[in-house]
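Student: Below you will find the structure I want to go over with you.
The values are calculated or read from the model by the stated rules, or taken from the named source; none is laboratory data. Quick caveat: nothing in here was measured; it's all calculated off a predicted structure. Quick reminder, even Gly has a Cβ in these numbers, built from the backbone with ideal geometry, and neighbours come from all protein chains shown.
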Amino acid sequence: MEEERFIGGWTRSKLTARTPEERYAIWKRAKSLRTADGNQLAREIEMLGLPYAEPGLLAEADPMRGEMAAIMARPEARSACIEATLDGLPAIAGVDPLFHEAFGPAYRRSDEAIATANALVAALMGERGYVEAGRKDLPSRYVARSGLFWKRK
């Protein structure tokens with residue numbers, strides 16, 4: 001008997017053979033489709049009970065991380081995060097275009113870079129006296145698909 005196939009040709013045995021990070025990337029892509037087939041694949045990954053891990057951050061020594069921190073230190077990046085929050089968006093919406101402009105595909109194709117961007121934004125917002133108020137999806141024009149929403153203490 002043939003295994004059930006999900007969108008993209010995925011089967012339970014193929015999913016089982018992947019690393020937790022690869023399964024996370026598959027799960028994330030499936031969820032972002034926002035279709036019945038994508039949701040079915042994401043649910044299957046969840047129901048398999050196998051670990052699927054969010055990506056880690058870029059290494060401290062990674063040059064891209066250093067450049068990202070330098071971008072975050074610029075006044076226009078800090079203001080953009082606050083403005084995004086005031087506009088009702090996750091703060092990362094303010095700097096996501098700056099990172100995309102600076103790094104292009106290296107940012108767009110790296111889950112670790114996006115996770116690092118979120119961590120840098122979280123540190124900034126915490127320093128500025130904001131507290132987490134939930135997670136929100138971003139409009140499709142952004143590289144990051146979601147981010148933390150912040151409010152004043």
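Student: So which helices (runs of 4 or more DSSP H) are wholly in the range 35-153 and hold at least 1 residues that are in contact (Cβ under 8 Å) with a residue 60 or more places away in the chain?
Tutor: 75-86, 111-127
Student: Hey, A30 hits all of (1) of a type in the set (A, V, I, L, M); (2) farther than 20 Å from K136 by Cα; (3) crowded, with 18+ Cβ neighbours inside 10 Å; (4) not assigned by TED's automatic domain parsing to the domain that holds P139 but one; which does it fall short on?
Tutor: Looking at each condition in turn, A30 falls short on (2).
Student: Could you say which residue among A122, A133, A106, A115 is farther than 22 Å from E21 by Cα and surrounded by fewer than 17 Cβ atoms within 10 Å (Cβ to Cβ)?
Tutor: Values: A122 fails: surrounded by fewer than 17 Cβ atoms within 10 Å (Cβ to Cβ); A106 fails: farther than 22 Å from E21 by Cα; A115 fails: farther than 22 Å from E21 by Cα.
Unique residue meeting the criteria: A133.
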